1. Order the peptides B:595-602, B:10-17 from the highest to the lowest mean number of other Cβ atoms within 10 Å of their residues.
2. Ratio of alpha-carbon Rg to the 2.2 N^0.38 Å globular estimate for chain A, to two decimals, please.
3. Quick check: pseudo-label points 7 Å beyond the Cα along Cα→Cβ at B:GLN559 and B:ARG663, how many nm apart are they?
4. Expressed as an acute angle from 0 to 90° and rounded to the nearest 10, what is the orientation of the C-alpha long axis of helix A:185-213 relative to the principal long axis of chain A?
5. Simple spin-label model, 7 Å along Cα-to-Cβ: B:GLN345 to B:GLN540 in nm?
6. Could you give each residue of segment B:86-101 its phi-based ³J(HN,Hα) in whole Hz, using Karplus coefficients 6.51, -1.76, 1.60 with θ = phi - 60°, and x for Gly or Pro?
7. Out of residues 5 or more away from B:VAL302 or on other chains, whose amide H comes under 5 Å of its own, with H placed 1.01 Å from N in the peptide plane?
8. Please identify which residues in segment A:29-47 have an amide N closer than 14 Å to a label point set 7 Å out from the Cα of B:ARG570, following the Cα→Cβ vector.
Amino acid sequence: MTTATLPATERTLDPVTFEVLKNAFATSVDLMSEQILRTCYSFVIYSRDFSSALCDAQGNTVMQGSGDIAVHVGTLHFQCKAVLEEFGEDINPGDVFAINDPYRGGTHLNDVSFIRPIFVGEEIIGFAQNKGHWADIGGNVPGSFDVNATEHFSEGLRITPVRVWHHGKFLHDVAQLLVSNTRAPAQALGDLQAQSEATAVCEREVLRLVGKYSKDTVVAAMQETQDYVERSVLNSLKGLPQGQWETVDYIDFDPAHGEGLVPIRIKLTLDGDGIHYDLTGSAPAVETFLNSGYGTTHSAIYAGTKTFFPDVPLNSGFYAAVTADIGQEGTVVNAGWPHAVTGFCSGPYEKVMNGIFELWSQVMPERAMACAFNLEYLLIGGHDSRTAAGQYFMWYDWMAGGWGGRQTKDGSSATSPVFGTGLAVQPVEGQERLNPVLTSRHEISTDSGGPGRFRGGCGVEKGGILTDATKTVMSYCCDRGRSVTWGIEGGLPSVPHGVWLNKGTEDERYLGATFSNVTVRSGDAFTRPSAGGGGFGDPLERTIDEVLEDVIDQYVSVERAERDYGVVITVIDPEVDDYQVDYEATHAAREHIRANRAGWLKEDPAAVAHRYQSGEITVHDVLRRHGVILDWGTGELLQQSTEQYRESMQRRSAAHWE
Amino acid sequence: MSDLRVAVDVGGTFTDVCIFDDSTKEMRVTKVPSTPSNPMEAVLNGVARGNIDLSKVQLFSHGTTVATNALITRRFPKAALVTTKGFRDVIEIRDGTKDDLWDAYSDVSGPYIRRRDRFEVTERVDYAGRLVTALDEAEARELGRLLRKRGVATVAVCFLNSHANMANELRMREILEEELPEATISTSAEILPEIFEHDRFNTAVANAVLGPLVAEYVEHLDRQLTDGGYHNDLLLLHSGGGSMTPAMVKRYPVRLAASGIAAGAIAAKHVAQQCGYDNAVGLDMGGTSTDISLIQDGELRVTKEWEVEYGHPIVFPSIEVLTIGAGGGSLAHIDIAGSLRNGPQSAGATPGPACYNMGGKEPTNTDANLYLNRLGESLADGAMTLDRGLAEEAIQRSTGAPLNLETAEAAQAILKVANANMADAVRLVSIRRGLDPRDFALLAFGGAGALHGAEVAKELGIPSVVVPPSPGVTSALGCLLVDIQHDLSGMYTSVAAEADLDDLERRFQKMESDGAERLRHEGVDDADAQLERGISMRYQGQWRSLQVPMGSGADALQQAVETFHEEHERQFAFRQDSQPVEIYQLHLRALGKTPKPAFVPAPSAGTTLPEPAAYREVYFDGSWTRTPIYRREELQPGMELQGPAIIEQLDATTVVPAETDARIDEWRNIRMTLPQTGDAA
């Protein structure tokens, strides 16, 4: 093994001063987050879709907030550097800049950053930055999530670096231009002000440190804090194996190419010199908004990796230890101007993160984890006829779901997406007050967790009825309706994502896992699941008692206990939780599955589709037994997707069965 | 003659007893080991140890960890949740977030009631409180039968939107009371009539699972005290910084969670008041953690964001206390990148610090204090002896050698990092409220607070430090000082400028009559009742609201709006006068004033200092200094001394650094004045 190259920078600060300043930087950033949480107007920010950072004079991140959303990780320095490039010498005390440009390292247009230079005398020593998700940033659809967008022009307002405060004076005209391009200008103006003020909190703290420790010491500590993180990561690698690992995960489809999963390829190399990723070979940009710019692809890489180094603080030192070749512009992971990228979060982001989980599961088996459910947003916008004026409403809803099974325990149920584990699900009672919707259920869905020795966490089902809406449309930003949440080490998939309209009635329609601008009317009922996590390990090795407990709690049904786990349970008296395991039948069922499952995975897909259409088998069987991908509404076979999915299931599941 | 006031505060390790004698105006304290398996035993042991004649006790108050412990250990009676069809998983889905954002193996704990014990019934109310679907009575009755069959002892009834209309919940309660006459029923809107289902449901669920257990404990203790001759109501300290009687504990047992944490903060407030400080920070440092509380304008900060475990909110006003993992037993270590860290890992009680000679090998703050001779080798009047050689060895091996520092420098580095961590925590609680810690006094207590207080203050630029007479039992003192208190709230959404003032007044009056009724139920004389209105507001479109006091009269609302603007500007540095202000919630605090001990100041005993009990070479700022060691009990009001000095007493050691003046005030507090450097904060 070669020795990791440690940063060459000299350590000049004594250990106490360094530790004190490093922690003080964290406090200065967390104070900024604390303030924005208490003063924001966007309910998306309020639900913790925001981040804060202190950057150094070059724009490198010194410290990111401890409660920041994962998806912003590793993008804030790009945005700060963009401001530096754009304004150069023309940055003054009392200036504040705004930027959301996804082609300058931003995330998506909704995420607007405010950046304030921190001056000591004439000299800039750093920048305070707060980035938050505005509820709307204009564009074709309410909430600015236009699934069908292929270029950013229909997605909303693109903000290249622009000044909103100049020498401490508020530039009213510029601010008006920004907020007037959104559907909720008053809210946007409130957030613009709240975010800018929050950056002042960080500035004040950093200046206090300068007063106490001197400018030179604080500036040195900013650099040493980055070196410290790089050193932490490199030292952590010393005990790990070296080598190369690779995987492929998929986005559901590219409308430009019809049916067929869209590959994202990830290769990980550990050579003792750092952590290296290679995403070349990923598909060309898709003709929807499920593309990722370079900023967010880096974010997915850093956030995925960080999951295996939970204790290391985030800053540019981390980004120095982790390198990535994301390939030429024009791909789904490096889209470039003017490709639409707002849906990156449901598209490449989750694929890269989960793919990285899978790769590191082999490097650090003690932290292994199967695939988690996909980030999903339902957006319903229109006029609320409960109010006399028919006020505009934007109902913007996301769900918790299941995370993957792990090496020593089941996956976490009903948890926020890996894209941001601090992103809070909104209370139904708040939503019903603000939008003409009556929620019919919000509950854990039985049998949603991918079967495994350790089951995937359970997903959630949420349904509602529009009560008093006019001129209303619905859009959905998700994925993994076809590239279904997978298991590893022999574990099985969970269930597909996708929205149903008027399910179980004559008007039933399956709308799929991404769609835009579907007209909906008062009285329409919609429902959707979030997937569970993928299973970890062979489900036939799950203990009978664990399956029984799951049945009592209805996380798993009696039927699926038999078909997924081969555990046969007799219901005696459910009123007092009296269930009995039929051990003989269980033994037989497990043997039967063991003997046949390799064959089930090769069964003629058309025949499987037919059995699904006739109601003979459920979606669980289609996926978990046969690895077949269908249009879940019509039951139509998706031939190419099935081939791709079976190949991946062969590798992740079947190859590990005895 | 009933002239004793007794307060008993149960902690994790010790149960502290405070006895105030009204006839002599003197206070005594005593300590007995806690008895976690049966906490009442320690309470009664404390009464015995304190030689308390219960028939002479005028007021007995009690801070208990019974409720908190039950929530941690999850030892509950057979409980069930009954909820609206489609919503049985609200307390399991929560808001979906994780406490540990990055560690995928660190999970949020499960709900207080398992899925198998959660049941649904057909009913629905909409956001405005209109009935969408009536309660299906046949189903409800059938459910009652099922719960009886399952042997359920306590039920939480939690229906969607019940904060807007609780009729269905109340009807469900009636049916359950008929079907399950033995069971305790908690309904969510009666416990907490507030919007947001998870907060309300979980608070009601916590109330339900605690119900029988806490009520039984309180009843039992009450009976024991009565049998012993106590003839008044037992007062139980609750999270809001007030107390309640056993009669109300039965209805709101969940309010006893956090009982213990609040006591320390209340004592801090009392000491601040005695010393004439309107603004103060309480630093209650124990073995594994430090509780930081904030007193602003004479009042403790109150929060509604509180939980025993992450993800399971208990939404009652609670004294805001920030607990951080920094205590005497916090471990210093060199991390993977070669940097010196301190905590949050702790050596705990076993193996404890290296100097305890119980197998601990890693250096702790206690080891550093001992090696630097700030802490003596003999503790608790000789009951415990510390091994300085083991402390030296641990510090040198784990910190000194890797950082290439002398042992003393290494020990000092350990303490500096610990002090800076505590200072950062104080900054978090103060600056986030728009407060400058330099305007505050620091009150140092707990077993280790007085060892670190002066240096934490210095780090923060705080000029004044107070160490109360018995720093180790300050929490029990807090129990002596509380009034009966109930916190009521209700939703009220309207733009302030458009609010119907008569309607608003009626709502407040209704809350006042409810509050007064609760006080009467507790036997409070109307003359001692005090009702305080509060109102939560926000700029229209904002998500968080701010609570401000509300008066009565025609322009009360207008004044509250102005206070809101001012408070928003003070806390967040901006106000938006052009933005409409929206009312969000109404609050009422009902206080039943109880008589407080009348502490009397001690006369000055002159200024002649006693001879130091000893001298030690103590390490301050890079050099060993011959330092006098005083016995606290020999220091009388009026005496003054200059640092460096160490003051030792049974339950604590106070460090007075160089260039610091210390004075014993008329309440026997040590008052330190630090030299002003003018740059810190």
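1. Numbers: B:595-602: 13.8, B:10-17: 22.0.
Peptide ranking by packing, descending: B:10-17, B:595-602.
2. Chain A yields a ratio of 0.98.
3. In this crude label model, B:GLN559 to B:ARG663 measures out at 3.7 nm.
4. Long axis of A:185-213 versus the principal axis of chain A: about 60 degrees.
5. If labels sit at B:GLN345 and B:GLN540, their model points lie 5.5 nm apart.
6. x, 10, 6, 9, 3, 7, 9, 6, 6, 9, x, 7, 10, 6, 8, 5
7. B:GLU320
8. Backbone N within reach: none found.
Read-outs throughout are calculated quantities, based only on the coordinates presented, and are distinct from any laboratory measurement. This one's a predicted model, so the numbers in the text were calculated from it and none came from an experiment. We place every Cβ from the backbone using ideal geometry, glycine too, and count neighbours over all the protein chains shown.
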